[in-house]
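Working notes, beginning with the structure itself.
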Ligand code: ATP
């Protein structure tokens, strides 16, 4: 009921009477009063004025299930929200929940991710209270060969979401690093459980540096945060909500053709290394060329001095000629 009370208080510009909340939720005034008190204890500033009712003044920067539910605008993403203050990795938790039957659209969120993972066993740092670590659990009826394109769908959603919630110019480094001023603000890790022709489930993990004020030395040259770029702290729950809305919209576009036909052009406009010289770090066959954008299947087009090559994300990293970008 707390999520619904929060939503009701936000809907109204003025005061909401205790009586109207009782009637709306079919509970006693004392139950409402208790719930409001618990919300205050979690950090919400709620004013209670006799004969007028309740009025919400401010929302803390918390990622609880109640907060996320109370601002949710999506149709199916976040239909189930699984929040815990501390988790190993949101992708691992989402995989566990999937095995137990959690539905398509489940959103897994934590405030402190202690074993965040990147691709190929690399680490993803998630300092407590300063980042977003979340995973979308999906059960789409698609060909497993098309699943890796969802990482591009997620990258578009994160880029658009950050842009809407900040005043920052956001770009994407193929396939899915989100970049602000040449540094990485967010990483995405897509994992799948599938049979040859059937997807059991897909988890898309998204890590975003939001309030982070500094990074360990080895990340200082490549990592940044929204706070470091903007000098202000934004509300993390609002950013999650925005990204979920965009993800739903782009996911629908993806499902129509099971590829990126409807998204590629927009993605290419966000691509920071488009028309730049890049090094493709393919473990078997590294090469250099000019990145030209993505195909409708999400592969990177690279023009080398002799031919045009198609790079699929899998095992490959792309770097600039002199560094990360
Ligand atoms: P590559 O471009 O090399 O293929 P990637 O995009 O596959 O990298 P990820 O798996 O998304 O990389 O992320 C892991 C890497 O991101 C780590 O090796 C580290 O360099 C970097 N990293 C780890 N934590 C953070 C963070 N909080 N912010 C930015 N970068 C980070």
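We did not get these values from a lab; they are worked out from the coordinates using the rules stated. Predicted model, so just to flag it, every value in this text is computed and none were measured. No Cβ is skipped: glycine too gets one built from the backbone with ideal geometry, and neighbour counts run over all protein chains shown.
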Would you mind telling me the antiparallel percentage of the DSSP bridges in the range 121-245, rounded to 5?
95
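Remind me, relative contact order of the chain in percent, using alpha carbon pairs under 8 angstrom and six or more residues apart?
Numbers: 652 pairs, mean separation 42.4, N = 325.
It comes to 13 percent, rounded to a whole number.
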Tilt of helix 29-41 relative to the longest C-alpha principal axis of the chain, in degrees (0 to 90, nearest 10)?
40
Where labels lie 7 Å past Cα in the beta-carbon direction, separation of residue 17 and residue 255 in nm
4.3
Give the angle, between 0 and 90 degrees and rounded to the nearest 10, that separates the Cα long axis of helix 90-99 from the longest principal axis of the Cα atoms of the chain.
80
Share of antiparallel DSSP beta bridges in the chain, in percent to the nearest 5?
85
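Compactness ratio of the chain: Cα Rg over 2.2 N^0.38 Å, N = residue count?
Output field value: 1.09.
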Rounded tilt (10° steps) of 150-165 against the dominant C-alpha axis of the chain
50
Which residue, 245, 229, 96, tops the fluctuation ranking in a GNM of the chain built on C-alpha contacts under 10 Å?
96
Would you mind computing, in nm to one decimal, how far apart the modelled labels at residue 290 and residue 7 are, each placed 7 Å from Cα along Cα→Cβ?
5.2
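If R₀ is 51 angstrom, what is the calculated FRET efficiency for the pair residue 55 and residue 306, using the beta carbon separation as r and rounding to 0.05? Can you show the working numbers first?
Details: r = 68 Å, r/R0 = 1.34.
E(calc), rounded to 0.05, equals 0.15.
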The range 113-188 to the range 260-311: how many Å between their Cα centroids?
19
Once both label points are put 7 Å beyond Cα along the C-beta direction, the residue 195-residue 96 separation in nm becomes 2.7
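So for each of 65-71, 76-82, 182-188, 10-16 I average, over its residues, the number of other beta carbons within 10 Å; can you give me the resulting order with the highest mean first?
Numbers: 65-71: 21.0, 76-82: 18.9, 182-188: 22.6, 10-16: 12.1.
The peptides rank, most packed first, as 182-188, 65-71, 76-82, 10-16.
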